[in-house]
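A quick write-up on the structure given underneath.
The values are calculated or read from the model by the stated rules, or taken from the named source; none is laboratory data. These figures come from a predicted structure and were not determined experimentally. Quick reminder, even Gly has a Cβ in these numbers, built from the backbone with ideal geometry, and neighbours come from all protein chains shown. Note: areas computed on protein heavy atoms with side chains; ligands, DNA, RNA excluded. Shrake-Rupley method; radii C 1.70, N 1.55, O 1.52, S 1.80 Å.
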Amino acid sequence: MSSTTHTPADVNRSGQSNPALHPNAHHVLSASTITGDEVLNRKDDKLGRIQDLMLDTQSGQIRYVVLSSGGFLGMGDRLFAVPWKALKLDSTNKCFILDVDAQRLKDAPGFDKDHWPNMADAKWASDVDAYFGSATAPQRM
């Protein structure tokens with residue numbers, strides 16, 4: 001996990017909202033803070049680490065995180081574009097929560113570091129968003 005301190009969590013692993021969080025609070029984190037953070041599911045299974053962020057340059061919003069999973073020391077990792085809206089910040093545990101079973105992630109449309117998909121392709125985006133159950137509209141951080 002990253003040693004960086006995050007702001008109050010929107011939700012914890014058990015899905016409970018943080019009561020101290022003001023409903024209009026705005027969270028801002030740097031891309032370097034998020035890169036390398038672990039992604040877990042609600043069962044505490046480690047799904048991978050955030051390798052990169054993909055921005056929609058027209059809206060200025062984060063569209064996807066690139067999740068690196070599997071492999072060993074970066075060798076043989078499979079990459080997944082996960083819609084930003086599918087992740088929840090757990091600042092207590094300094095990680096992100098993706099509410100999918102480990103096997104579902106393994107079965108997700110993925111790619112390798114040398115063959116990235118065209119993330120601007122509307123069909124590809126629709127398929128990925130549908131797979132992760134995310135609305136197509138990106139979420140501001």
Quiz item: Scanning segment 88-105 for residues that are open to solvent by 70 Å² or more (accessible area, probe 1.4 Å) and among the polar types (S, T, N, Q), which turns out modelled with the highest pLDDT?
Solution: Q103
Self-check item: Positions within segment 18-34 being open to solvent by 60 Å² or more (accessible area, probe 1.4 Å), at pLDDT 50 or above and either among the polar types (S, T, N, Q) or within 14 Å of the chain's Cα centre (by Cα) (or both), in sequence order
Solution: S32
Quiz item: Within the set of pairs 6+ apart or on separate chains, which have a first residue in segment 36-47 that is farther than 17 Å from K85 by Cβ, a second that is among the β-branched types (V, I, T) and open to solvent by 10 Å² or more (accessible area, probe 1.4 Å), and C-beta atoms under 9 Å apart?
Solution: G36/T4
Quiz item: Would segment 52-59 turn up any residue that is touching a Cys at 6+ places or on another chain (Cβ under 9 Å), modelled with pLDDT of 80 or more and aliphatic (A, V, I, L, M)?
Solution: no
Quiz prompt | When residues of segment 111-134 are limited to those that are touching a helix residue (DSSP H, G or I) at 6+ places or on another chain (Cβ under 8 Å) and under 18 Å from S68 (Cα atoms), the one most open to solvent (accessible area, probe 1.4 Å) | solution = N118
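Condition test on A108, is it part of a loop (DSSP other than H, G, I, E, B), at pLDDT 90 or above and open to solvent by less than 20 Å² (accessible area, probe 1.4 Å)?
Working: part of a loop (DSSP other than H, G, I, E, B): yes; at pLDDT 90 or above: yes; open to solvent by less than 20 Å² (accessible area, probe 1.4 Å): yes.
Answer is yes for this residue.
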Quiz prompt | Options V82, V100, V66: the member that is touching a residue at least 40 places away in the same chain (Cβ under 8 Å), in contact with a strand residue (DSSP E or B) (Cβ under 7 Å, 6 or more places away or on another chain) and not basic (K, R) | solution = V82
